């Protein structure tokens, strides 16, 4: 079984049928069923923003949806934070959220699955 870290935009696309990446996200996660799927804690926070903006506390619904995938949330460690800071410092165009996703994949010895073409140039990134 391979380990695959999933970027927030993949999960967002999976849950939003109107998202242009929805079919690709659905297919990629279906094919990855035998993999250990992991979500950076920073990406989990991104997903929860949408849940809270939807009104009320819909975070439990998000947790249930993630459990159904199933996907494990990876805590942010000092090692991940340090790697993300190094990546962010070396690339002015790399957003912190993206650096955290890349750093999580690096720390976990995993590939990063993303829908963000800007991240595709980084080693270990799989584009939808």
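Under 25 °C and 0.890 mPa s, how fast does the stretch 52-125 diffuse according to Stokes-Einstein, given a Kirkwood radius computed over C-alpha pairs? Answer in µm²/s, whole number.
Translational D for this selection: 177 µm²/s.
What order, most packed first, do the peptides 3-16, 31-44 have when packing is the mean number of other Cβ atoms within 10 Å of each residue?
3-16, 31-44
Which angle from 0 to 90°, rounded to the nearest 10, does the C-alpha axis of helix 22-31 make with the longest principal axis of the chain?
Helix 22-31 sits at roughly 80 degrees to that axis.
Can you compute the helix-only [θ] at 222 nm over the chain? Use -39500 (n - 2.57) per DSSP H run of at least 4 residues, normalise by all residues, nearest 500 deg cm²/dmol.
-16000 deg cm²/dmol
Over the alpha carbons of the chain, what is the largest minus smallest coordinate on each principal axis, giving the biggest first in Å?
Answer, in whole Å and largest first: 37, 31, 26 Å.
Just so you know, all these numbers are worked out from the coordinates, no wet-lab data involved. Because the structure is a prediction, the values reported are computed rather than measured. Virtual Cβ from ideal backbone geometry, glycine too; neighbours counted across all protein chains shown.
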